[in-house]
Number of protein chains: 2
Amino acid sequence: MDLDKLFRPKSMAVVGISRKNNLSPGRIILLKNEFEMNVDVYGIHPEGGNVEGVDLYKSLGALPVNPDILVIAVGPDDTIEYIRECVEYEIPASIIIGGGFAEIGGEGIKRQETLEKIAIDNDIAVLGPNCIGVYSPPLIDTVFLPTERITRPPKGSVALISQSGGVLVDQFFVKFKERNIGVSTAVSIGNRAVVDESMLLEYFSKVDPETSNIAFYLEGFKIGKSRKFLTLAKESDDMTICYFGGITEQGKVATLSHTASLGGNYKILSGALKQYYIIQPHSERELLTMLKVYDVLSHKKNPFGANTITFGKVAILSVSGGHGVLCSDMLSDYGLSAITFTEEEKEEMYEMINPIAREIASFNNPIDLTGSVLDKDIENIIQYLSNIERIECILLLLLPYPPNISFQIGRRIANVVTAKKKPIITFIPYVEKYQMIIESLELSKIPVFHSIKEVVQAASALKDRTRIMNLKKDNIFWEDKR
Amino acid sequence: MDLDKLFRPKSMAVVGISRKNNLSPGRIILLKNEFEMNVDVYGIHPEGGNVEGVDLYKSLGALPVNPDILVIAVGPDDTIEYIRECVEYEIPASIIIGGGFAEIGGEGIKRQETLEKIAIDNDIAVLGPNCIGVYSPPLIDTVFLPTERITRPPKGSVALISQSGGVLVDQFFVKFKERNIGVSTAVSIGNRAVVDESMLLEYFSKVDPETSNIAFYLEGFKIGKSRKFLTLAKESDDMTICYFGGITEQGKVATLSHTASLGGNYKILSGALKQYYIIQPHSERELLTMLKVYDVLSHKKNPFGANTITFGKVAILSVSGGHGVLCSDMLSDYGLSAITFTEEEKEEMYEMINPIAREIASFNNPIDLTGSVLDKDIENIIQYLSNIERIECILLLLLPYPPNISFQIGRRIANVVTAKKKPIITFIPYVEKYQMIIESLELSKIPVFHSIKEVVQAASALKDRTRIMNLKKDNIFWEDKR
């Protein structure tokens, strides 16, 4: 089944447009795509007319072209009729927004079976039902929530697939935007009657050139499809990341009323995922941290090339002793360790920083340059650390509170890092006034986080990536030691 | 030793003001207090003159009054001389900013012993050395980082005591501001030569009327003082919260170069803390979540009165199924559980919401009102849940993306909650455009968090508080089951 028209359509038709209610999902989708996206969009209404200046067509037959995709936002019985029209008009893809299918049981299950049969017999890529569809910038956006209420993530390397529309829009869109994580395509799979997580994994891993990292929020695999999913993940050159909801007893009860998925035993599932090189973050925050660091340093365009993190050996550079302590505390939990500096190295670092700071600074690992630090000191030390081969990654805890740190510091660090190509992960507090520093770093592919824990999680995620890539190459199963 | 002059001085003198360097710590402190705070401040410079229009006095003897406190920002030997002057001029309190004492070892240790002896013999409340001092709004602020670089937290019920100045300013000030957590007084204790964590616990718990919650960032107790600290915590009517840095092997190494504290075995320490009713958050984020929920609902002014959380029985109300699932997953880890609704209750809830939503909504626990929800539905259901006695707390996952949720929703919820007095903890995504909803809730003492995990952590923290208060009453040791 070809999914390309689902994500890269040239033309789109929408049914289920209310001429009275300006908040009806079909109407929002029509206008959003007409005014904000690049696809050619056609609205269908049995009586014609227009909404907000956009003319409506009376039927699919009345359109000037056969559209690549039909978005259906009507009741369940009418939905089936429209899928039959897709057959008639040779429309290769469809997104079904509405519910009333398997998720309501009984009659809905039969309806979904009918739907599935028509789609598969006629090779129509149907997404949903009961979903919010696709966000594939700059082409289409079928998220039927008003644009002014939601946030869109930036363009990037992460394909996002979610079994929950709410989680997709809120946990992902909002937080991706906040953290500057880029999305290639976002997909809400709903009841996944036809297009399911395995087909999407295959598409984003083998077909889509813009994706390097594929992230899933699932409440369970589609029955009978888990083996296919695992095999695809193992074969993929991309990172596959799965975050599961509904893994506790209480969560399973909630899942049953949400997506009617049966999660099964999470421990067994989790063991299988590991063997197939699928990363499972331990929390939503860790998921976001991983996706951010992979998006910035994803293997297809890693600005640091072969400079990978194999053993987890880090150097911590801070201007606050307490931050160094908190960071050190977390290393071993995340499979990282601080290298030990020789006396000679300590002496050399001592010599290269300003006379006031050097007397109170500490050159162990963590290095604490103290509040008496100057821009030049930070620049010099990063340059110095970049030349030490046994350091695989620098964790920079950059608090811009000391009075002599200038707003140029971001650019100066970026220049060193770009030249030296030593991976560096930075903490800068999330204070809007430091945006100038944050942006200079992120423009140069240096990921910036706003908590120490995320910095440690990010370094750990890079180490995991290296290990997974090596294990895949050698076909050795992965064991997560954490 | 009376600490009142340290936190509530009427007059303050500052030494160590550079007339050339406008970023020198003494100069920043002088001008910050002169221009931004309420204390009467006097700058001392041996040659007099003025800085930025503020006249300087040539010596302490030249001042028009004997100040309540002397802030010392000079080198270590001169510092000792100024402490002697405190004796001469009967100045009851002093903050020593500079280092060069115990933290550098050798001669520094002797210096600190001299300092300590003078202070104790003459009953001078000395804070530091090697600290950033006190932020006690609206009176004084000796944080010597330029105001334009840092953020100040709002005024509230939390006394913050930190062994690291960097952690105080960054991990606390910035994040308190972001999360709207209020501070009564913030203290950086540095080398704690004289004033230590036990004296501060005693002061904030017994003397200061504005504090209800006392939070510590420590890298170890002062030697010989842990017993006193534990006993004070046990006797206190306030919540005592301790967050420790330097608890892992790697962290201990870092701590040695930072504050020269010896943390000892954290497991043993942690066991002792629990027995004395001291709360220990498992992460920095949990610390912040606890402090926020205690600040809003702290026992001295709890707007919900006796309506406490004893068993951890909650109802989850969401407009996104996936959010409900994620929340349910976390309950048992945090000692909470979702109550079960009777068929009759489900039927009643079904009847009270709009006809479109009710057909696709789910009335299990979590309740999922779906994207077809109206303001009135949320209001009605909260009202209904508030009347169910076996629900101790409502967890509201409010995503304002559905098109029919209005910006009035915050106020409407607040009205119900204020009338019903059922504790409610709310999740609203951190999107600036929803500030109108967030503020209406927080103005009515309804804590709002920006992740599901924090909502669960907050409910759990309220349960811990109830248990601790009950155990203290009955003098039973606390065992943390987590």
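How far, in nm to one decimal, is residue A:22 from itself in the other copies if the label point is set 7 angstrom along Cα toward Cβ? Shortest first, please.
5.1
Could you go through segment B:102-108 in sequence order and give the Karplus-derived ³J(HN,Hα) for each residue, using 6.51 cos²θ - 1.76 cosθ + 1.60 with θ = phi - 60°, rounded to whole Hz, and x for Gly and Pro?
3, 5, 9, x, x, 4, x
Enumerate the calculated ³J(HN,Hα) couplings along segment A:380-397 in order (Karplus 6.51 cos²θ - 1.76 cosθ + 1.60, θ = phi - 60°), each rounded to whole Hz, writing x wherever the residue is Gly or Pro.
Result, rounded to whole Hz: 4, 5, 5, 4, 5, 5, 5, 7, 8, 5, 6, 8, 8, 7, 9, 9, 9, 9.
Looking at this model, which pairs from B:110/B:274; B:292/B:420; A:422/B:274 are more than 32 angstrom apart at the alpha-carbon?
Over 32 Å Cα-Cα: B:110/B:274; A:422/B:274.
Among A:7, A:25, A:378, which residue has its Cα furthest toward the positive end of the charge dipole of chain A, with +1 on Lys/Arg Cβ and -1 on Asp/Glu Cβ?
Farthest along the dipole direction, towards plus: A:378.
Which value results for Rg/Rh of the protein assembly as shown when Rg is the Cα radius of gyration and Rh the Kirkwood radius based on the inverse mean 1/r?
Ratio of gyration radius to Kirkwood radius: 1.00.
With charges set only on the Cβ (+1 for Lys and Arg, -1 for Asp and Glu), what does the dipole of segment A:302-471 come to about its Cα centre, in debye to the nearest 20? Intermediate results must be reported in sequence, preceding the final value.
Details: 16 positive and 20 negative charges, 123 e Å.
I would put it at about 600 debye.
For a quick check: with amide H placed at 1.01 Å from N, whose amide H comes under 5 Å from residue B:156's, ignoring anything fewer than 5 positions away on the same chain?
Those qualifying (amide H under 5 Å, at least 5 residues apart or on another chain) are B:183, B:184.
Which angle between 0 and 90 degrees, to the nearest 10, do you get for helix B:284-297 versus the longest principal axis of chain B when only C-alpha atoms count?
Roughly 80 degrees between the two axes.
How far is helix B:321-331 tilted, in degrees, relative to the longest principal axis of the Cα atoms in chain B, given as a value from 0 to 90 rounded to the nearest 10?
60 degrees
With a 10 Å Cβ neighbour count serving as the proxy for reagent exposure, in which order, fewest first, do A:311, B:173 appear?
A:311, B:173
How many partner chain Cβ atoms sit within 10 Å of a residue's Cβ in peptide A:148-155, on average, as a whole number? Walk me through the numbers on the way to the answer.
Working: counts 2, 9, 6, 5, 0, 0, 0, 0.
Mean shielding count: 3.
Quick check: net charge around residue B:197, other residues with Cβ under 9 Å of its Cβ, Lys/Arg +1 and Asp/Glu -1?
Charge balance in the 9 Å sphere: +2.
For segment A:78-140, just the Cα set please: Rg and Dmax, both in angstrom.
Radius of gyration, then largest Cα-Cα span, for segment A:78-140: 12.0, 39 Å.
Kindly give the semi-axes, whole Å and largest first, of the ellipsoid equivalent to segment B:79-198, taking each as the square root of 5 times a Cα gyration tensor eigenvalue.
Semi-axes (√(5λ), whole Å): 28, 15, 12.
Give me the one-decimal nm value for the distance between modelled label points at residue A:62 and residue A:107, 7 Å along each residue's Cα-to-Cβ direction.
3.0 nm
Counting partner chain Cβ atoms within 10 Å of every residue's Cβ in B:408-420, what's the average?
That average works out to 0.
Nearest beta-carbon of B to the rotation axis carrying it onto A: which residue, how many whole Å?
Of all Cβ atoms in chain B, the one nearest the axis gives B:285, 4.
Exposure proxy check: A:418, A:466 ranked by fewest other beta carbons within 10 Å?
Listed from fewest to most nearby Cβ atoms, that is A:418, A:466.
Distance between Cα centroids, segment A:178-205 to segment A:33-73: provide it in whole Å.
A separation of 25 Å, based on Cα centres.
Can you tell me the relative contact order of segment B:1-131? Whole percent, Cα pairs under 8 Å, sequence separation 6 or more.
Taking the mean separation of contacting Cα pairs over the length of segment B:1-131, I get 23 percent.
Can you list, shortest first and in nm, the gaps between the label point of residue A:148 and those of its counterparts in the other copies, using a point 7 Å from Cα in the C-beta direction?
3.7
In the neighborhood of residue A:140, defined by Cβ-to-Cβ distances under 12 Å, what is the net charge if each Lys or Arg adds +1 and each Asp or Glu adds -1?
On the way: positive: A:5, A:8, A:10, A:32; negative: A:34, A:36, A:40, A:68, A:141.
With Lys, Arg at +1 and Asp, Glu at -1, the neighbours total -1.
Tell me which residues come under 5 Å, amide H to amide H, from residue B:127 once H is placed; ignore anything under 5 positions away on its chain.
It is B:94, B:95, B:96, by chain and number.
In nm, one decimal, shortest first: how far is the label point of residue B:406 (7 Å from Cα along Cα to beta carbon) from the matching points in the other copies?
5.4
Helix B:343-352: angle to the longest alpha-carbon principal axis of chain B, degrees 0 to 90, nearest 10?
80 degrees
Given H placed on each backbone N at 1.01 Å, which residues far from residue B:41 in sequence or on other chains put an amide H within less than 5 Å of it?
Here B:12 satisfy the definition.
What does the charge dipole of the protein assembly as shown about its Cα centre add up to, to the nearest 20 debye, if the Cβ of each Lys and Arg holds +1 and the Cβ of each Asp and Glu holds -1?
Values: 104 positive and 122 negative charges, 156 e Å.
Result for the protein assembly as shown is approximately 740 debye, rounded to the nearest 20.
Pairs A:463/B:252; A:433/B:453; A:313/B:222; B:10/B:177; A:313/B:463: which are spaced more than 30 Å apart, C-alpha to C-alpha?
Table pairs above 30 Å Cα-Cα are A:313/B:222; A:313/B:463.
Could you give the dipole magnitude of segment B:150-301 about its Cα centre, charging the beta-carbon of Lys and Arg +1 and that of Asp and Glu -1, in debye to the nearest 20? Can you show the working numbers first?
Values: 19 positive and 15 negative charges, 19 e Å.
So the dipole magnitude of segment B:150-301 works out to roughly 100 debye.
Kindly write out, for segment A:251-257 in residue order, the coupling ³J(HN,Hα) from the Karplus curve 6.51 cos²θ - 1.76 cosθ + 1.60 (θ = phi - 60°), rounded to whole Hz, with x marking Gly and Pro.
x, 5, 4, 5, 4, 4, 7
Per residue, how big is the convex hull of chain B when only Cα atoms are used? Give it in Å³.
On the way: hull volume 71.1 nm³, N = 482.
So the per-residue hull volume is 148 Å³.
Compute the Kirkwood hydrodynamic radius of segment A:302-471, taking the inverse of the mean of 1/r over all pairs of distinct Cα atoms, and give it in Å to one decimal.
For segment A:302-471, the Kirkwood estimate is 15.8 Å.
Taking other Cβ within 10 Å of each residue's Cβ, how do B:258, A:450 sort, fewest first?
Starting with the residue having the fewest Cβ neighbours, the order is A:450, B:258.
How many Cβ atoms of partner chains, on average, are near each residue of A:243-252 if near means within 10 Å of its Cβ?
Mean shielding by partner chains, rounded to a whole number: 6.
Would you tally the net charge around residue B:221, using a Cβ to Cβ cut-off of less than 12 Å, leaving residue B:221 out, and scoring K and R as +1, D and E as -1?
Every neighbour counted, the sum reads +2.
Any read-out appearing in this document is the output of simple, stated calculations on the displayed coordinates, not a laboratory observation. The structure displayed is predicted, hence computed values, not measured ones. Glycine gets a Cβ as well: all are built from the backbone with ideal geometry, and neighbour counts include every protein chain shown.
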